[in-house]
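> Here it is, the structure in full.
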Amino acid sequence: MVEYPHLFINGAWVPPVDGELVESIDPSTGRPWARVAFGGAGDIDAAVRAARAAFGPWSRRPGHERAALLRKLAVAYEAAAPELARLETTDNGRALRETKADVGGHANSWYWYASLADKNSGRTIPIEDAVLAFTTRKPVGVVGAITPWNVPLMSALWKLGPALAAGCTVVLKPAEHTPVTSLELARLFEQAGFPPGVVNVVPGWGAGGAGESLVAHPGVNKIAFTGEGATARAILRNGAETFKRFTLELGGKAPHVIFADADFDAAMNAATGSAWALCGQSCALGARVLVQRPIYARAVEEFTRRAARVRVGPPLHEATHMGPQAHAEQLAKTLSYIEIGKREGAELVFGGARPGGDALAGGFYVQPTVFASVRNDMRIAREEIFGPVAALIPFDDEDEAVALANDSSYGLTAGVWTQDVGRALRVSSQIEAGMVWVNTYRYIRWSTPYGGVKQSGWGRENGTEALEPYLDVHTTIISKTGKFADPYAT
Ligand code: ADP
């Protein structure tokens with residue numbers, strides 16, 4: 001059992017004042033592997049006070065100095081990445097081969113945000129000769145970052161990177177299921193020499209716990225959240241009292257549209273990979289695979305063949321393709337949706353159960369699962385399952401493909417596979433999503449804005465756009481003459 005008995009507040013490692021020690025479960029065994037300090041309202045208050053005290057000096061620090069510290073963090077992160085990947089896999093069960101690739105690339109993002117720290121320029125606005133009008137950009141203040149359990153390090157990076165580059169200070173509250181790597185991240189900030197209070201990390205519960213306290217705290221200016229829509233609604237209501245600003249990265253039910261003229265093998269590589277990556281636990285995955293009718297039967301066959309090749313097993317084994325679900329409730333949710341799919345009349349053509357064998361007993365494993373003959377009005381096509389469940393839906397033509405793709409409350413990502421350039425442009429421009437990939441999938445980089453429309457959220461992460469929600473616009477108008485007419489002279 002590994003012990004993490006301290007929170008990181010104001011540059012120091014402190015025990016919780018009104019929290020508790022909570023066991024973190026290894027999803028590959030169902031047994032606790034770490035004991036972690038969870039903060040309560042008092043700890044959040046201390047962290048927010050520290051962040052407020054640090055905000056003035058940090059926000060006034062020249063951008064190139066903030067950039068230099070972020071680069072130091074990137075260097076430390078790069079060195080720690082293999083160990084961070086191992087810990088993230090232990091905490092959330094994502095296969096190590098995926099975690100290594102993901103976390104191994106994070107330093108690039110930290111460098112990217114470092115490069116933005118001195119680019120917060122405003123503009124001058126021409127009005128009349130007698131005045132000069134200009135804008136400056138000011139950091140919004142203290143940011144509460146609330147992250148989920150599927151990609152804890154990446155979610156923290158996508159919030160802390162732009163926040164710190166903009167000159168904000170942060171209190172990070174990681175998900176209760178996966179607190180460990182956020183505390184490791186705090187160590188790296190300490191090592192990189194960030195001033196006390198600029199980054200604070202307080203693990204804890206969401207509703208009724210540290211998360212709720214952070215959203216309610218009057219000293220917090222903005223909440224950057226990734227998680228479920230239902231949670232976001234609770235957070236919005238709670239934050240309304242103090243008029244918080246919000247960025248929200250919520251769910252998805254991405255359409256992965258495959259036309260008959262597509263490069264079939266490439267499309268299958270992307271669509272199957274996307275169905276089962278992260279054990280299905282990402283809002284960007286192509287959960288609805290829309291396949292044009294002439295190649296539908298072949299696609300179902302190919303999905304089935306490939307599902308049989310997925311090696312489900314202990315996530316730390318290098319050979320494992322797919323680990324367990326991250327926690328017991330998520331496993332139960334996935335299994336319940338599989339039952340719903342069967343009851344709705346979808347055809348279960350592969351998987352649908354927990355894999356057998358003593359080696360996997362106790363862990364939250366589920367087979368890669370394929371449903372064929374899915375209709376877009378079924379719950380398994382409309383609701384986010386967050387499990388390795390591919391739903392294959394047939395369509396006839398381009399119009400129907402677009403209509404089906406858009407018939408969803410979500411709008412985060414989408415994929416289009418076709419060799420026809422005109423069709424690629426027509427379809428990709430009509431799909432209601434924050435990001436559409438054509439003849440590729442899950443191509444996500446630090447420099448390209450990522451985020452949703454409809455119920456997939458507000459705002460963008462990555463890209464230069466990521467800075468916007470962390471900055472206020474401050475307008476100054478200066479008279480060149482200094483003259484001001486007496487309004488009551490006549
Ligand atoms: P998921 O459904 O993916 O587990 P959630 O949306 O429940 O995701 O949780 C994402 C994050 O939001 C976690 O850090 C969780 O602790 C936090 N959270 C949950 N409920 C609340 C709440 N009412 N207020 C603030 N944070 C919350």
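The values are calculated or read from the model by the stated rules, or taken from the named source; none is laboratory data. Since we're looking at a predicted model, the values are computed, not measured. Here the Cβ positions follow ideal geometry from the backbone for every residue, glycine too, while neighbour counts run over all protein chains shown.
> Examine region 165-186 for a residue that is crowded, with 24+ Cβ neighbours inside 10 Å, within 11 Å of the ligand (Cβ to nearest atom) and part of a helix (DSSP H, G or I), and state whether such a residue exists.
Checked against the condition, which is being crowded, with 24+ Cβ neighbours inside 10 Å, within 11 Å of the ligand (Cβ to nearest atom) and part of a helix (DSSP H, G or I), region 165-186 yields at least one hit.
> Looking at (1) buried (at least 19 other Cβ atoms within 10 Å of the Cβ); (2) at pLDDT below 95, find the lone condition where D358 falls short.
(1)
> Another question, if that's okay. Return the pair list, or none, for Cβ contacts closer than 7 Å from residues in region 338-360 that are farther than 25 Å from N376 by Cβ to residues that are aliphatic (A, V, I, L, M), at least 6 apart or on different chains.
Going by the 7 Å Cβ cut-off, the qualifying pairs are R354/V366; P355/V312.
> Within region 69-83, is even one residue of a type outside the set (S, T, Y), under 21 Å from S28 (Cα atoms) and in a helix (DSSP H, G or I)? Spell out the reasoning first.
From region 69-83, those of a type outside the set (S, T, Y) are 69-76, 78-83; that's our starting set.
Of the ones still in play, those that are also under 21 Å from S28 (Cα atoms) are 82-83.
This time we only want the ones that are in a helix (DSSP H, G or I), so: 82-83.
Scanning region 69-83, I find at least one residue that is of a type outside the set (S, T, Y), under 21 Å from S28 (Cα atoms) and in a helix (DSSP H, G or I), so the answer is yes.
> Next question. Looking at region 240-248, can you tell me whether even one residue there is touching a Gly at 6+ places or on another chain (Cβ under 6 Å), within 14 Å of the ligand (Cβ to nearest atom) and over 16 Å from G387 (Cα atoms)?
The answer is yes; a qualifying residue exists.
> Scan region 230-250 residue by residue and report those that are hydrophobic (A, V, I, L, M, F, W, C) and outside any helix (DSSP H, G or I).
Of everything in region 230-250, those that are hydrophobic (A, V, I, L, M, F, W, C) and outside any helix (DSSP H, G or I) turn out to be F243, F246, L248, L250.
> Does region 201-211 hold any residues that are within 25 Å of R460 (Cβ to Cβ) and more than 9 Å from the ligand (Cβ to nearest atom), and which are they?
V201
> State all residues of region 59-95 that are surrounded by 22 or more Cβ atoms within 10 Å (Cβ to Cβ), within 22 Å of W110 (Cβ to Cβ) and not aliphatic (A, V, I, L, M); if no residue qualifies, say none.
R66, Y77, E88, T89, D91, N92, R94
> Something else: Test H327 against the criterion of being under 20 Å from the mean Cα position of the chain (by Cα), assigned by TED's automatic domain parsing to the domain that holds I431 and surrounded by fewer than 24 Cβ atoms within 10 Å (Cβ to Cβ), and give yes or no.
Against the criterion (under 20 Å from the mean Cα position of the chain (by Cα), assigned by TED's automatic domain parsing to the domain that holds I431 and surrounded by fewer than 24 Cβ atoms within 10 Å (Cβ to Cβ)), H327 qualifies.
> Now for a separate question. How many of the residues making up region 200-211 are surrounded by fewer than 24 Cβ atoms within 10 Å (Cβ to Cβ) and under 16 Å from V142 (Cα atoms)?
0
> Looking at this structure, is I295 part of a helix (DSSP H, G or I), within 30 Å of A163 (Cβ to Cβ) and modelled with pLDDT of 95 or more?
Spelling it out, it is not the case that I295 is part of a helix (DSSP H, G or I), within 30 Å of A163 (Cβ to Cβ) and modelled with pLDDT of 95 or more.
> Let me ask something else. Give the residues of region 464-490 that are touching a helix residue (DSSP H, G or I) at 6+ places or on another chain (Cβ under 9 Å) and outside any helix (DSSP H, G or I), sorted by residue number.
Across region 464-490, the qualifying residue is only L471.
> Would you check if there is a residue in region 212-229 being more than 13 Å from the ligand (Cβ to nearest atom), closer than 29 Å to A240 by Cα and not in a loop (DSSP other than H, G, I, E, B)?
yes
> Hey, can you tell me all the residues within region 451-490 that are under 19 Å from G229 (Cα atoms) and out of contact with any Gly (no Cβ under 7 Å at 6 or more places or on another chain)?
Keep residues of region 451-490 that are under 19 Å from G229 (Cα atoms), which gives 451-461.
Passing the criteria: only W458.
> Tally up the residues in region 134-147 that are away from the ligand (no atom under 16 Å from the Cβ) and touching a Lys or Arg at 6+ places or on another chain (Cβ under 9 Å), please.
Number satisfying all stated conditions: 4.
> Give me the residue from region 361-373 that is in contact (Cβ under 8 Å) with a residue 12 or more places away in the chain and surrounded by fewer than 23 Cβ atoms within 10 Å (Cβ to Cβ) and, out of that set, farthest from Q330 (Cα to Cα). Steps first, answer last, please.
Step one: list which residues in region 361-373 are in contact (Cβ under 8 Å) with a residue 12 or more places away in the chain, which gives 362-373.
Subset that is surrounded by fewer than 23 Cβ atoms within 10 Å (Cβ to Cβ): 362, 367, 373.
Numbers: G362: 14, Q367: 14, S373: 25 Å.
My answer is S373.
> To continue, here is another question. Would you say A405 is closer than 28 Å to L348 by Cβ and at pLDDT 95 or above?
It is true that A405 is closer than 28 Å to L348 by Cβ and at pLDDT 95 or above.
> From the list E384, E329, exactly one residue is at pLDDT 95 or above and closer than 23 Å to I431 by Cβ. Which is it?
E384
> Then there is this: What pairs come out if I take residues in region 208-237 that are in the same structural domain as A54 (by TED's automatic domain parsing) and under 18 Å from V171 (Cα atoms) and pair them with residues that are modelled with pLDDT under 95 and assigned to a loop (DSSP other than H, G, I, E, B) whose C-beta lies under 8 Å away, six or more apart or interchain?
Within 8 Å, the pairs are A210/G19.
> From the list L132, L87, which residue is outside any helix (DSSP H, G or I) and in the same structural domain as R187 (by TED's automatic domain parsing)?
Of the residues listed, the single one that is outside any helix (DSSP H, G or I) and in the same structural domain as R187 (by TED's automatic domain parsing) is L132.
> Only one residue in S428, S408 is assigned by TED's automatic domain parsing to the domain that holds Y337, more than 16 Å from the ligand (Cβ to nearest atom) and in a loop (DSSP other than H, G, I, E, B). Which one? Before you say what the answer is, go through the steps one by one.
Values: S428 fails: in a loop (DSSP other than H, G, I, E, B).
Selected residue: S408, the only one of S428, S408 that is assigned by TED's automatic domain parsing to the domain that holds Y337, more than 16 Å from the ligand (Cβ to nearest atom) and in a loop (DSSP other than H, G, I, E, B).
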